[in-house]
Structures are given as C-alpha cells and as structure tokens.
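Scroll down for the structure; my scribbles are underneath it.
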Amino acid sequence: MRRWTLLSLMILAPFLAAAVPASGQAGSPPGGSAETEQALSFLLASAADDFRQSDPGTSVRVRDVRLARVPTTTGKPPQYQLCGEFTAGAEKHEWAKFATVKTSGYEQWTGAAATGLCGREDIAWEEVSGLTESLQRKLDAH
C-alpha cells in the first residue's frame, strides 16, 4: 500500500506544484493580481496627487478611467498605467486625456502624449470596475 501511495505522489507531484502559485498561496487569482492591485493603488494615489499639485485649489473631474497593462521586454514585469479623461476649473467644458504611468516612480502625461500612450495596440485592458469613482473620491478628499 505504501508503494502505491508513494508512486501516486511521485506521479501527481508536478501537477500539485503547478496548482499552487509562486506566491505559495493556493487559491490566489491568476495573473499576478496582488501585483496588479499594488500598481493600481499606487497609480490612483499618484494621479490624484499630481492633479492636486499641478493646479492647487482647482476642481478636477475625471471620467472613463481604465487600467492598462503594457507588455515590456521579455522577462520583465508588465508596466501599468491609468488612462482616462479630465477637466479642470470652473468652465469644465473641455475634456483632455491623461495617462499616469508606473515607472520607478510615476509619470503623468496629458493631451496628445496621453492619447498616444493609451492608444497603443499592444496594451491589455484590465477588467476593473469603479476606477473613475475611486480616483474622483481621492481627488475630492482634499
């Protein structure tokens, strides 16, 4: 009986190891969700801070905020970026594109540069709901 158990374990071991993510936590969502959540949290905070610092006291509204994962060179983790539109000031008639990119810190781009970053064909859009509301709450908090 022991031989069968040992033999079964030896045969099943590669499959059992594959079922546990590299983080060692069975049942973690696929696709590096912890990394995605960390990047998202950082980008939301960075975007809100940048908007506030760029024009203190000006009311900023955002819409259509999305999270993108941008492929990088082989072996490197993907780069994350927030894309959306914003309007600022009392008039609030014109909406402009923005992109907040996670680098070693972050970079925030607006206008044509943001349109180019967010219009790339090789990016993958993450399915995350409520990003516009999350960023707007951060903007309104100060």
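The numbers here are math on the coordinates, done by the rules we state, and not lab data. Small disclaimer: the values here were computed from a predicted structure and weren't measured.
Each 10 Å bin, from zero up to the one with the longest distance, holds this percent of the alpha carbon pairs of segment 83-127: 26, 48, 22, 4. Computed from the Cα positions only, the extents of segment 36-142 along the three principal axes stand at 46, 25, 25 Å, in decreasing order.
Taking a cut-off of 17 Å, what percent of all Cα-Cα pairs in segment 102-142 are separated by more than that? Summing the P(r) of segment 102-142 above 17 Å gives 57 percent of all pairs.
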